[in-house]
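Working notes for the structure below.
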Amino acid sequence: MQSKISGISNISYNSTRVDPVRRHTKAEIDAIFDAVEEEEKDRAEIREYLARFPNPNHLSFSELLAQNKTGSQDSDDEGFVLDI
């Protein structure tokens, strides 16, 4: 909590219409759940793809590209693939 009381500098009013809050219909709920499940499938595919190309040092794409151009790799690294 603040220990000092100060004045309010600016108050604004928005006169646009506010839509009332309503419950989703059964069809809307089903569509939302379907969209979430589809996104989860996409994320699972991305995680599976990224697991094939490990990046243990968590380098960015530009760092990986620069490392590939210079040809420097760690001695224990078996190589990696830059998929452009």
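Overview of values
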item: Efficiency of FRET from Cβ geometry, LEU59 and ASP34, R₀ 35 Å, rounded to 0.05; result: 0.45
item: Reciprocal of mean inverse Cα separation for the stretch 5-55 (Kirkwood radius, Å); result: 16.2 Å
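Read-outs throughout are calculated quantities, based only on the coordinates presented, and are distinct from any laboratory measurement. Nothing here was measured: the structure is a model prediction, and the numbers come from that model. Neighbour counts run over all protein chains shown; Cβ positions are idealised from the backbone, glycine included.
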